[in-house]
Amino acid sequence: MNEKMKGIVTVFVDIDDTLWWFTENSKLALRHTFDAFDISSVCTYERFKEVYLKKNLELWNLYHHGLIDKDFLVNERFRFTLKECGYKGDVEKMCHLLDEEYLRFLALQSTTIPGARQLLEYLVAKGYDVNTLSNGFQGTQQQKLISGGLSDLIHRNVLSDDCGITKPQRGIFDYALEQCGAEAATTVMIGDNPDADIKGAHDAGWRTIYFNIRGLDPIEGTADAVVTSLDEILQIL
């Protein structure tokens, strides 16, 4: 065990791109949605994907910091993409249809990050109280865990939707502790986002394990441990 992890009782794990492979599953869902609504009559899939991914990332960064709400995010990402790609129909109606189908199909995908179930099994066997903490949406996030075959290993699925506060804001971390009867000093956060997961948890007094899946440096002084694969965590906790 890593010296910095001594005394840990409670573990919170991010869902998207930490346990459930959002990056891969979202590619399938976006392609499915593009084909289902015959957007090929408007633009190529490559163009549609390029515009959507750039806008979606921009909007999620704003959402993490509480600068926009969920409704604006889920509508604007497809509204902007349709307009940018030259869609001539009812953009407002179509963006709702696209997002509804995208989220439905997305949550049914089963691909998890390599080692995700093994990590959770290990943590449960070691006696940790294992929970998830996510900025994702109610219903969708729980279904992802079910689709990925992980839900049976999670005690509580704590979401920003539950409290109206998103990571990295301090409030959601305090809320998560309250929900699980945990204490900051004996809690660790595992996540792939250096800002939302790691800096947020660090600033809330938690210990942190940064899952560096994208090769991005952690924010200085915020990560107690850095791993590039989930199996490395078995040597830390």
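The values are calculated or read from the model by the stated rules, or taken from the named source; none is laboratory data. Since the structure is predicted, the reported quantities are computational estimates derived from the model, not experimental observations. With ideal geometry, Cβ positions are generated from the backbone for all residues, glycine too; neighbour counts draw on all protein chains shown. When the accessible area is computed, the model is the full protein with side chains, heavy atoms only, and any ligands, DNA or RNA have been set aside. Shrake-Rupley method; radii C 1.70, N 1.55, O 1.52, S 1.80 Å.
Filtering region 122-157 to residues that are of a type in the set (Phe, Trp, Tyr) and either in contact with a Lys or Arg (Cβ under 6 Å, 6 or more places away or on another chain) or within 21 Å of LEU106 (Cβ to Cβ) (or both) leaves only PHE137. With respect to (1) touching a residue at least 40 places away in the same chain (Cβ under 8 Å); (2) open to solvent by 50 Å² or more (accessible area, probe 1.4 Å); (3) out of contact with any helix residue (DSSP H, G or I) (no Cβ under 9 Å at 6 or more places or on another chain), the lone exception for MET5 is condition (2). Residues in region 193-218 that are of a type in the set (Asp, Glu) and crowded, with 23+ Cβ neighbours inside 10 Å: ASP197 only.
Checking the conditions here, which among THR23, THR44 is within 15 Å of the chain's Cα centre (by Cα), over 18 Å from VAL91 (Cβ atoms) and either at pLDDT below 95 or surrounded by fewer than 21 Cβ atoms within 10 Å (Cβ to Cβ) (or both)? Explain how you work it out, then say what you get.
Values: THR44 fails: within 15 Å of the chain's Cα centre (by Cα).
It is THR23.
Are any of the residues in region 219-231 surrounded by 16 or more Cβ atoms within 10 Å (Cβ to Cβ) and in contact with a Gly (Cβ under 7 Å, 6 or more places away or on another chain)? Yes, because at least one residue in region 219-231 is surrounded by 16 or more Cβ atoms within 10 Å (Cβ to Cβ) and in contact with a Gly (Cβ under 7 Å, 6 or more places away or on another chain).
So which residues in region 181-200 are touching a Phe, Trp or Tyr at 6+ places or on another chain (Cβ under 8 Å), farther than 19 Å from THR228 by Cβ and either modelled with pLDDT under 95 or in a helix (DSSP H, G or I) (or both)? Quick ask: steps written out before the conclusion?
Of the residues in region 181-200, the ones touching a Phe, Trp or Tyr at 6+ places or on another chain (Cβ under 8 Å) are 184, 187-192, 194, 197-198, 200.
Right, trim to farther than 19 Å from THR228 by Cβ and you get 184, 187, 200.
Answer for region 181-200, where residues must be touching a Phe, Trp or Tyr at 6+ places or on another chain (Cβ under 8 Å), farther than 19 Å from THR228 by Cβ and either modelled with pLDDT under 95 or in a helix (DSSP H, G or I) (or both): ALA184, GLY200.
Applying the condition of being free of Cβ contacts under 8 Å to residues at least 40 places away in the same chain and within 13 Å of the chain's Cα centre (by Cα) to region 158-190 and asking which residue is farthest from THR111 (Cα to Cα) yields SER160. Of the numbered criteria (1) open to solvent by 30 Å² or more (accessible area, probe 1.4 Å); (2) assigned to a helix (DSSP H, G or I), the one GLY89 fails is (2).
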